[in-house]
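**Student:** One structure is given below, represented as structure tokens, and several questions about it will come after.
A short reminder: the numbers here are calculations on the coordinates, not readings from a lab. Computed from a predicted model, the values in this text were never measured in an experiment. So basically every Cβ, Gly included, is an ideal-geometry build from the backbone, and we count neighbours across all protein chains shown.
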Amino acid sequence: MADSYTRGQKVLHWLLAVLVSFWLLVSGQLAASSEGEQKGMILMFHSGGALIIFALMMWRYSKRRKNLVQPMSSLRSWEQTWSVRIHLAFYILVAVMALTGILQGVFFEQDVRVFGVVNITAGHNESLMALFNLIHNVASKIFLALIALHILAAIKHQFIDKQPFLKRMA
């Protein structure tokens, strides 16, 4: 096991931090608040970007599996356990959000074209779309809560526990 993350892992971490935050806080809100033709354009951007995030996250997961990094020895066992669980939850949530987002598009009332090219709409079904929308929205709230917890834990370890956490990912 390595003592530190590779440069590629660090770049992917921060790139995904920015992209996921933007998609959760801005792009998702724009998609939810728009209507008509404008909604179709925003959904094209939102769904295409979400698929890019999914691909980057899977690439990051692959890099993480290839370059295992030693947990900081100063962490308590419960902190190590929860760190692993929260990171795993990030990967699962990205997959759930991508899948439920695609499934919403499949049953949406107007064509949803990923990257403006591929029409994924099969036919409108309000009840299925509402179900996938609910799962998508709940997953986004859980994701935001876990991101906040992740940031608070990093701040706690860095500034209260005086551990070089930010250095490992900078």
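**Student:** Quick one, what does Rg over Rh come out to for region 7-169 if you take C-alpha atoms and the Kirkwood Rh?
**Tutor:** The Rg/Rh ratio comes out at 1.04.
**Student:** Something else: For the chain, what does the helix formula give at 222 nm: sum of -39500 (n - 2.57) over DSSP H segments with n ≥ 4, over the residue count, nearest 500 deg cm²/dmol?
**Tutor:** Taking each H run of at least 4 residues, the total per residue is -24000 deg cm²/dmol.
**Student:** Take the chain, connect every pair of alpha-carbon atoms lying under 10 Å apart with a spring to form a Gaussian network, then pick out the residue of LEU103, LEU43, LEU75 with the largest mean-square fluctuation.
**Tutor:** Judging by the Gaussian network model, the answer is LEU75.
**Student:** For region 92-147, what Kirkwood radius comes out of the mean inverse Cα-Cα distance, in Å?
**Tutor:** 11.6
**Student:** Which ordering of VAL94, VAL11 is given by a fewest-first count of other beta-carbon atoms within 10 Å?
**Tutor:** In order of increasing Cβ crowding within 10 Å: VAL11, VAL94.
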